[in-house]
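These notes are about the structure you will find just below.
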Amino acid sequence: MNPHPPMSSSDPQLPQAVTRRRFLQSSGKSAVTVAAGAAALSVPQRVRAQSPSDTIVLALIGAGGRGAVHASNMARLPGVEFKYVCDIWPERGAGIMADLTSVQKRAPQRISDMQVAFDDKDVDAVVIATPEHWHALATVRACQAGKDVYVEKNPSNSIWEGRQMLKAARKYQRIVQVGFQNRSGPYAASARDYIASGKLGRIVHVKVYNMLDGSKWEPQPDSDPPAGFNWDAWLGPAPAVPYNPGRHLNWHPWWDYKGGTLADDGSHQLDLTRMVLGDPAHPKSVLCIGGNYAFQSKREVPEFQCITYDYGDFSMTCESGNATGYLRKFPGEVRFGTQWPHWPTSATRVEIYGTKAMMYLGRHGCGWQVIVEGGKVIDQDKGYFPDKWHQPNFIDCLRSRAQPNADIEQAHHSACLVHLANASYRVGQKQLMFDGAAERFTNNDEANALLRPAYRDHYRLPDEV
Ligand SMILES: NC(=O)c1ccc[n+]([C@@H]2O[C@H](COP(=O)([O-])OP(=O)(O)OC[C@H]3O[C@@H](n4cnc5c(N)ncnc54)[C@H](O)[C@@H]3O)[C@@H](O)[C@H]2O)c1
């Protein structure tokens, strides 16, 4: 079942299992460079899996589409076992329970409260694939319990939450890998190295596209929750509202749970772009205009957003929305094959303009091409869908204690690009000046009020993590 039909479908997920042997065979020099460039974390108070022969014990939190893919792929890596599958929705998880039972020759335990996994000394790490409004609280609680974390994108639902996640990761010396899998793609590392070499010249402008298809959003009436479903637990840190299937099954276009297409596929686009640019610090300002132009639906998150970020020495725009069905995400033959995309009609391309040449870059393993006058391609590196490196990178880091490819620090900075744009839109489509060091706006108190959600008492993210 697709839980969010009117929004963009998330990335098709890698179907096959990935073995460590295949990972080592297929990971190129560039992927190694990504990991080698990252600092090793100091040894934490407790690392159960000291050698590759020790079993890593995991818990899956959120057994929907993405969580099932992670559990299925990670359980097929050597020395990895899922002890728990946690979901608050009894209908969810049967498929992955059966799959894990077959792979592990031992059934995981089905639980509905993630705290059970946090309290279990056997559990080394948790994989969090809930909706976004639960990511921060679950990550901080996991870190506090001494667990390492793989948390899906968009990692946070506000700027302050992301900072708290980073603080918790560092304080408890936990591995926190975010589901920005493009960071593990060798093609992303080679694009980053190419740009750093100066072959594009000085970068003056970057255009990020996230122009997807969509359909009209229709509100749905409140109703009783499905039998056995704990709506209060699903809402968690978000404000209390009556059960509504339009929220539960399509949580993407609500500020309280996600933040729309921009927080969904757009966050991948922005993260990959930051990575290849050498992870610039926060921009100085943001302006986001947009609206429900195409379908004129009454949903609160706009159907289309046009954003400008000012980085001081270059500018970046991002166009993101759900109304351009003639543009397409990269097809399978591009993601998993050797075919190059038709760049002008690629919905998820990035254009990087240097003073000497421009680069087209695509995620989903698409790769990059450098173009000069007349459309001549002078350099290129074709990619492959990067889950096959990203999930093993997490498991490797649990053992090595090296910083993962999509460590929470840079992931937080990338997530902030989403939150900055949404803040600008929500305060009336105004330009916001941002003090990156303080992570606060300097010209708009209304926008500062959006930095941190008002949590419900029993689901409060603490000031002191
Ligand atoms: N990296 C990627 O390419 C990628 C692709 C798809 C989805 N995602 C991300 O993965 C996450 C999950 O997306 P999905 O498509 O699998 O959603 P989904 O709706 O299919 O699954 C989410 C599951 O979380 C469960 N859940 C909610 N609150 C919970 C709680 N407190 N405790 C336990 N379980 C809880 C729900 O019942 C549901 O089964 C999202 O953050 C999404 O953005 C990432």
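Readers should treat all values here as calculations from the given coordinates under stated rules, not as data from a laboratory. Fair warning: this is a prediction, and the values are worked out from it, not measured in the lab. In this analysis, Cβ positions are derived from the backbone assuming ideal geometry, glycine residues included, and neighbour counts consider all displayed protein chains.
Between the C-alpha center of the range 305-320 and that of the range 179-222 there is a gap of 13 Å. Straightening the chain between residue 240 and residue 317 buys 24.2 nm, computed as 0.36 nm per residue apart minus the Cα-Cα spacing. Note on the range 296-346: Cα Rg divided by 2.2 N^0.38 Å, N the number of residues, gives 1.55. Taking one quarter of the surface of the convex hull spanned by the alpha-carbon atoms of the range 76-139 gives a direction-averaged projected area of 4.7 nm². Rg of the Cα atoms in the range 182-274, relative to 2.2 N^0.38 Å, amounts to 1.60.
According to the Cα-based calculation, Rg over Rh for the range 269-330 is 1.04, with Rh computed by the Kirkwood formula. The fewest-to-most ranking of 451, 262 by surrounding Cβ atoms within 10 Å reads 451, 262.
Any idea what the dipole of the range 255-411 comes to, in debye rounded to 20, about its Cα centre with Lys/Arg Cβ at +1 and Asp/Glu Cβ at -1? Kindly include the intermediate steps, with their values, before the conclusion.
Numbers: 16 positive and 19 negative charges, 68 e Å.
Approximately 320 debye in magnitude.
Among beta bridges from DSSP that stay inside the chain, the antiparallel ones total about 60%. Within straight-line reach of residue 153, meaning a Cα separation under 20 Å, sit the following lysines at least 8 residues removed in sequence or on another chain: 167, 258, 329, 388. Using only C-alpha atoms and all pairs of different ones, pull out the Kirkwood radius for the range 409-454 in Å with one decimal. The answer is 10.8 Å. For 82, 229, the sequence from fewest to most other C-beta atoms within 10 Å is 229, 82.
Quick one: pull the percentage of alpha-carbon pairs in the chain with a separation above 41 Å.
Working: 13011 of 107880 pairs.
Beyond 41 Å sits 12 percent of the P(r) for the chain.
Charge dipole (Cα centre; +1 on Lys/Arg Cβ, -1 on Asp/Glu Cβ; no other charges) of the range 45-162 amounts to roughly 240 debye. Projected onto planes of every orientation and averaged, the convex hull of the alpha-carbon atoms in the range 309-465 covers 14.0 nm².
Counting every other Cβ atom within 10 Å of each residue's Cβ, 120, 224, 407 order from fewest to most as 224, 120, 407.
So how much slack lies between residue 380 and residue 213, counting 0.36 nm per residue of separation and subtracting their Cα-Cα distance, in nm? Could you put the intermediate results ahead of the total?
Working: separation 167, 0.36 × 167 = 60.12 nm, distance 2.81 nm.
Using 0.36 nm per residue and subtracting the Cα-Cα distance, I get 57.3 nm.
Quick one: length gained pulling residue 454 to residue 101 fully straight, 0.36 nm per residue minus the C-alpha distance? Mind showing how you got there, number by number?
Working: separation 353, 0.36 × 353 = 127.08 nm, distance 4.01 nm.
Net length gain for the segment: 123.1 nm.
When the Cα positions of 277, 196, 181 are compared along the charge dipole of the chain, 196 comes out farthest toward the positive end, with charges on each C-beta of Lys, Arg, Asp and Glu. Please identify the DSSP H helices in the chain that span no less than 30 Å along the helix axis (Cα) and have a mean Kyte-Doolittle hydropathy of -1.0 or more. Helix filter hits for the chain: none. Taking the centroid of alpha carbons for each part, the range 339-381 and the range 76-143 are 39 Å apart.
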